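The values are calculated or read from the model by the stated rules, or taken from the named source; none is laboratory data. Please read all numbers here as calculations on a predicted model, not as lab measurements. Here Cβ is always computed from backbone atoms with ideal geometry, including for glycine, and neighbour counts include all displayed protein chains. The area values use the complete protein model at the heavy-atom level, side chains included, leaving out ligands, DNA and RNA. Shrake-Rupley method; radii C 1.70, N 1.55, O 1.52, S 1.80 Å.
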Amino acid sequence: MSLLEVTDLRIRYARQGRLKAALRRESHDFEAVCGVSFTLEPGQTLGLVGESGSGKSTIARTLIGLKKSSGGSIRFDGAEISQASGRDWARLRREMSMMWQDPVGSLSPRLTVKSLVTEPLRINGLPAGRTEAERLLGLVGLPAEFATRYPHQLSGGQARRVGVARALALDPKLLIADEPTAGLDMSVQGEVLNLLAEVQARSGVAIVIITHNLNLVRHVTDQMAIMYLGRFVEQGPTEQVFAHPRHPYTKALLAANPEPDPEARHERVALSGEVPSPVNRPSGCDFHPRCPWAREACAAKEPGWTEESGRGHRCLFPL
Amino acid sequence: MASAAVSHRTAEAPQTADPLVSVEGLSVDFATPRGTIHALRDISLEVPKGKVLGLVGESGCGKSTLAYSMIGLLAENARVAGGAIRMGGQDLAHLKPKAWRDLRGTRIAMIFQDPMTSLNPVTTIGKQMIDIQYREPISRSEKRARAIEFLEQVQLPDAAAKLDVYPHQLSGGMRQRVCIAMALLTRPDLLIADEPTTALDATLELQIVTLLRELQETFGCSVLFVSHHLGTVAELCDEVAVMYAGEVVERGHVREVFHAPRHPYTQALFDCDPARIRQATRQLPTIPGTLPDLRQPPAGCAFRARCSKAFGRCAAEHPPLHAAGPGQVARCHLNDPAEDVA
Ligand SMILES: Nc1ncnc2c1ncn2[C@@H]1O[C@H](COP(=O)(O)OP(=O)(O)OP(=O)(O)O)[C@@H](O)[C@H]1O
Ligand SMILES: Nc1ncnc2c1ncn2[C@@H]1O[C@H](COP(=O)(O)OP(=O)(O)OP(=O)(O)O)[C@@H](O)[C@H]1O
Ligand SMILES: [Mg+2]
Ligand SMILES: [Mg+2]
């Protein structure tokens, strides 16, 4: 049985300027995530990548119960949780944890590092003294002397490690990490990822990593899904997707990743056209206005999800 | 696109005749209940006019502290313990708050690591973008139009509609693009960008980097670009400074430093870049050990304890910045001509 089984997940947000929208008889909300499906096994890592604003963090917020879904189902550990009550969530939150996108902003500025890392333990009535604080700091490679510091006295990377310590404090079954290594240097990034891999090997925690760092996705994820405008446009085993992207957006994304070599010549895929908005979707394929391979049919017909040999894509004329 | 960026690089030494900003022996301390942290020690570097200087290095090595000191936004417990930051006849390290208010937002602008640092959570994007243009002698509707124009430049979808939203209604990458647009609105001489693209997807990052390049060429401004993404630094920057534990350990043209790093820390940092590892691996390379305690920086070389090439001299003697190649300097005894490098 999969640990996490998401089927046709839909999530809506209220729109700005509701009055204007009402006058024009437009809908007062919009779909930020429209029909996303995936499964995740214990001990596996899924990489969620894609366009900024495509709905990745929104999916994360919904998975951990901070935002209601408007449709579809989320099964966690065999039980449907998309309609879970507040009391269910008190239990579920011990089994799922989240590392947030803003490293410093997500840490309460008035708490010391010691209180921050032990907070999840305290909330759940577990021992949360100095020993635990030091163990958790040690786990993420921070010296014990950091216990008395406040978030603004940390570098971005140090704040990130505090976030990892908090997320691992309760030994969760599912860890959702939104940009877990943004703002870290290469060595510390390696440390954090090795740490996650180590914890995963030991505890079998399943991990969803949301990131823009393609180098990281290539090394640490088993499966990857590429999002564009609230939908998955491609999904499959990471290695295969990198070796042979089927969707043009995936190809453009992978080609944009710069190489650490000033002499490198790049074969970029130039994306033209307006950046789309989920409030005002293009006709046909979401990506067609910017797609260098688009044909006439792409403007008219919305591509469905095509599944073949363990991979899937949403394109009428896959590469 | 890449080739266009590459062709701008000239072969002159990084000590350009007429830098926009020169940091001279800057030291910054933080007072904490547990003692004084010597976060920056004797930093010297120049931001060349009309060029992009990259700043890379270990988390916590002082990149943001250096950036903040160049825009007068050091934390309250910070103290400039020595040195100067010279820009157009002024010493930015010892400027009065009033003088800072005139400089900030006209000659110097900053894009922060965390976009919420510069956005007000309870004010709409539009109001913030109009307010920041308070110096411009144009009407409110013109300011509004300019705001939209710059939001379009950073590829924000539905730019006009975004003026009415609050920061929390935007995705992380959208917030960062708003910050970039706001910084560009003021047309600064020096743009400090502290990891401006970490929250952006690769295609957008490429667009923003290209945009920064174009704007930098059009307006001739200088950019200090702090980043952990070595690929982006390689693509965007003319010169690069590498920091470790509060010091600049290597400096030079991007091409030289990336192809022939002369400080063991720079080499180790590059070796850790997963982009350089062709075969997929779960065990990523790291630099063993931790940063030294910045309350008592070590007497010799700050990197010695983690350096595979350390020898007798490194423990006793603090290495100066040795010339290490054309326009390249490195704070490592191995570059001392007196040392037998064999
Ligand atoms: N609270 C909110 N109210 C209204 N719209 C929102 C809200 N939060 C997010 N959105 C919108 O939903 C869409 C998806 O946002 P989300 O934060 O999930 O993107 P993302 O994929 O995480 O992007 P990034 O990579 O930039 O972090 C965006 O269009 C965003 O503007
Ligand atoms: N207000 C402060 N009080 C005490 N110490 C501080 C303060 N601000 C920063 N520090 C410390 O000074 C050092 C340099 O921090 P800084 O934020 O400049 O690092 P950085 O190079 O920008 O790191 P990162 O890449 O993680 O953002 C770190 O050890 C940090 O903990
Ligand atoms: Mg996000
Ligand atoms: Mg920083």
Helices (runs of 4 or more DSSP H) wholly inside the stretch A:171-248 that include at least 2 residues being within 16 Å of ligand 4 (Cβ to nearest atom) | A:186-203
Considering only the stretch B:178-187, state which residues are open to solvent by less than 10 Å² (accessible area, probe 1.4 Å) and in contact (Cβ under 8 Å) with a residue 60 or more places away in the chain.
-> B:178, B:179, B:180, B:183
Breaking point among (1) of a type outside the set (Ser, Thr, Tyr); (2) more than 17 Å from the chain's Cα centre (by Cα); (3) more than 11 Å from ligand 2 (Cβ to nearest atom), for residue B:50 | (2)
Selection count where residues are in contact (Cβ under 8 Å) with a residue 12 or more places away in the chain, of a type outside the set (Lys, Arg) and within 11 Å of chain A (Cβ to nearest Cβ), scope the stretch B:240-273 = 16
Any residue at all in the stretch A:298-318 that is at the interface with chain B (Cβ under 8 Å from one of its Cβ atoms), closer than 21 Å to residue A:48 by Cβ and part of a loop (DSSP other than H, G, I, E, B)?
-> no
Are there any pairs with C-beta distances below 9 angstrom linking a residue in the stretch A:37-54 that is in a strand (DSSP E or B) to a residue that is within 16 Å of ligand 2 (Cβ to nearest atom), with the two at least 6 apart or on different chains, and if so which?
-> A:49/A:213
Of the residues in the stretch B:275-293, those that are in contact (Cβ under 8 Å) with a residue 40 or more places away in the chain, out of contact with any Cys (no Cβ under 8 Å at 6 or more places or on another chain) and more than 7 Å from chain A (Cβ to nearest Cβ) number 1
Note on the stretch B:124-147: residues surrounded by fewer than 19 Cβ atoms within 10 Å (Cβ to Cβ) and within 14 Å of chain A (Cβ to nearest Cβ) are B:124, B:127
Long-range neighbours under 9 Å by Cβ, at least six apart or interchain, first residue closer than 22 Å to residue A:39 by Cβ and within 13 Å of another protein chain (Cβ to nearest Cβ) within the stretch A:162-181, second among the polar types (S, T, N, Q) and more than 16 Å from ligand 3 (Cβ to nearest atom) | A:180/A:189
Test: residue in the stretch B:283-298 that is touching a helix residue (DSSP H, G or I) at 6+ places or on another chain (Cβ under 9 Å), open to solvent by 10 Å² or more (accessible area, probe 1.4 Å) and within 16 Å of ligand 1 (Cβ to nearest atom) | no
Residue identified as within 14 Å of the chain's Cα centre (by Cα) and of a type outside the set (A, V, I, L, M) among A:183, A:190, A:230 | A:230
Within the stretch B:228-255, the residues that are touching a Gly at 6+ places or on another chain (Cβ under 6 Å), closer than 14 Å to residue A:185 by Cβ and not in a strand (DSSP E or B) are B:233
Condition broken by residue B:41, with the remaining ones in (1) open to solvent by 60 Å² or more (accessible area, probe 1.4 Å); (2) among the basic types (Lys, Arg); (3) part of a strand (DSSP E or B) satisfied | (1)
Among the candidates B:18, B:42, which residue alone is modelled with pLDDT of 90 or more and more than 14 Å from the chain's Cα centre (by Cα)?
-> B:42
Among the candidates A:142, A:136, A:154, A:66, residue that is within 14 Å of chain B (Cβ to nearest Cβ), over 23 Å from the mean Cα position of the chain (by Cα) and without any contact (Cβ under 8 Å) to a residue 40 or more places away in the chain = A:142
Considering residues of the stretch B:155-203 that are charged (D, E, K, R), out of contact with any Lys or Arg (no Cβ under 6 Å at 6 or more places or on another chain) and more than 21 Å from residue A:211 (Cβ to Cβ) only, the residue nearest to ligand 4 (Cβ to nearest atom) = B:187
